[in-house]
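Below is one structure, written out as structure tokens; the observations come after it.
The values are calculated or read from the model by the stated rules, or taken from the named source; none is laboratory data. Since we're looking at a predicted model, the values are computed, not measured. Positions of Cβ are generated from backbone atoms using ideal geometry, with glycine treated the same way; all protein chains shown enter the neighbour counts. Note: accessible area is taken over every heavy atom of the protein model, side chains too, but ligands, DNA and RNA are not part of it. Shrake-Rupley method; radii C 1.70, N 1.55, O 1.52, S 1.80 Å.
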Amino acid sequence: MEPATPAAIDPPANVLLVHETQCEPAVCPDLCHDTGATADLRVSFADNRPNRPDPNAVTGRVGLLTVGDVLVEDTAESARDFDERIVVDTVRDPTDLSAIGVAVSRFCKHWSDEQLTVCFDSLDALLRSTPPKDVFQFAHVLTNRLSSVDAYAHFHFDPTRHEDRVVSTFGEIFDAVVAEEGSEESLPEATDEEVADLLAAWTDETDDGVGDESDGGFDFASEPSTEATDEDIARILGN
């Protein structure tokens, strides 16, 4: 994977932000805020949820989607008022990729007129309890959905917890890969054959309608659908 810098990436784009989990990368704010965005969606997990900002200090809209063991009152339907400046939503089960995808897609639907940025923190949290193949398919479908609304999204990923070929294969989904400052030389590397073999292993049985079966289940060159609905995302990710 050839690393890029945020300044070299033209939004909209989907970016894989590679860094060790214990280090908060300095480029994350650049990917979130230096884009002229009017809406900012932050997807986090219960053990690392951000503080709810003061509505009076917010410019534009902020979405807070928390995945994991959350308080019951946080799941109330009334919390999802997309006309509010701050919108809160939750998915209780981190293994329910369909529910996570639908929740993100819901923000895309209601904020389709906004210039949207997304911070997904992190793919590692999903990989703790879900097979890499399933998370890969989820990330592929979700990035297509985000592309359909011209979002500028980045997904955090700790390379130290996974084989080099796993990290490199995930990198195939994204428009660019950004590493924390000073770590470019330590980015995982895998051969083209290793990546191709893992892609085949993860996609040769895919029958969810994403991409072309003859190309291993995914067509990375295809244009994402602009008409994806909550039901589409649930159907694809629920298989």
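How about segment 104-113: which of its residues are open to solvent by less than 10 Å² (accessible area, probe 1.4 Å) and either without any contact (Cβ under 8 Å) to a residue 40 or more places away in the chain or aromatic (Phe, Trp, Tyr) (or both)? Answer for segment 104-113, where residues must be open to solvent by less than 10 Å² (accessible area, probe 1.4 Å) and either without any contact (Cβ under 8 Å) to a residue 40 or more places away in the chain or aromatic (Phe, Trp, Tyr) (or both): PHE107, TRP111.
Across segment 47-67, which residue is farthest from ALA151 (Cα to Cα) among those that are open to solvent by less than 40 Å² (accessible area, probe 1.4 Å) and touching a residue at least 40 places away in the same chain (Cβ under 8 Å)? So that I can check it myself, show each step before the final result.
The initial filter retains those residues of segment 47-67 that are open to solvent by less than 40 Å² (accessible area, probe 1.4 Å), namely 53, 58, 60, 62-67.
Those left that are additionally touching a residue at least 40 places away in the same chain (Cβ under 8 Å): 60, 63, 65, 67.
Numbers: GLY60: 15, GLY63: 14, LEU65: 16, VAL67: 21 Å.
The residue in question is VAL67.
Among the residues of segment 42-65, those identified as part of a strand (DSSP E or B) and hydrophobic (A, V, I, L, M, F, W, C) are VAL43, PHE45, VAL62, LEU64, LEU65.
Among the residues of segment 138-156, is any over 30 Å from ARG85 (Cβ atoms), open to solvent by 60 Å² or more (accessible area, probe 1.4 Å) and either at pLDDT below 90 or in a helix (DSSP H, G or I) (or both)?
Taking segment 138-156 first, the residues over 30 Å from ARG85 (Cβ atoms) are 140.
Still in the list and also open to solvent by 60 Å² or more (accessible area, probe 1.4 Å): none.
Looking for residues that are over 30 Å from ARG85 (Cβ atoms), open to solvent by 60 Å² or more (accessible area, probe 1.4 Å) and either at pLDDT below 90 or in a helix (DSSP H, G or I) (or both), one finds none in segment 138-156, hence no.
The one condition from (1) within 22 Å of VAL67 (Cα to Cα); (2) open to solvent by 10 Å² or more (accessible area, probe 1.4 Å) that VAL166 does not meet is (1). Taking the conditions (1) modelled with pLDDT of 85 or more; (2) hydrophobic (A, V, I, L, M, F, W, C); (3) under 15 Å from the mean Cα position of the chain (by Cα); (4) surrounded by fewer than 19 Cβ atoms within 10 Å (Cβ to Cβ) in turn, ALA8 satisfies each one other than (3). Within segment 115-137, being farther than 24 Å from ALA26 by Cβ, in contact (Cβ under 8 Å) with a residue 40 or more places away in the chain and surrounded by fewer than 20 Cβ atoms within 10 Å (Cβ to Cβ) holds for PRO132, LYS133. In segment 66-101, of all residues being in a helix (DSSP H, G or I) and more than 21 Å from HIS156 (Cβ to Cβ), the one that is modelled with the highest pLDDT corresponds to SER98.
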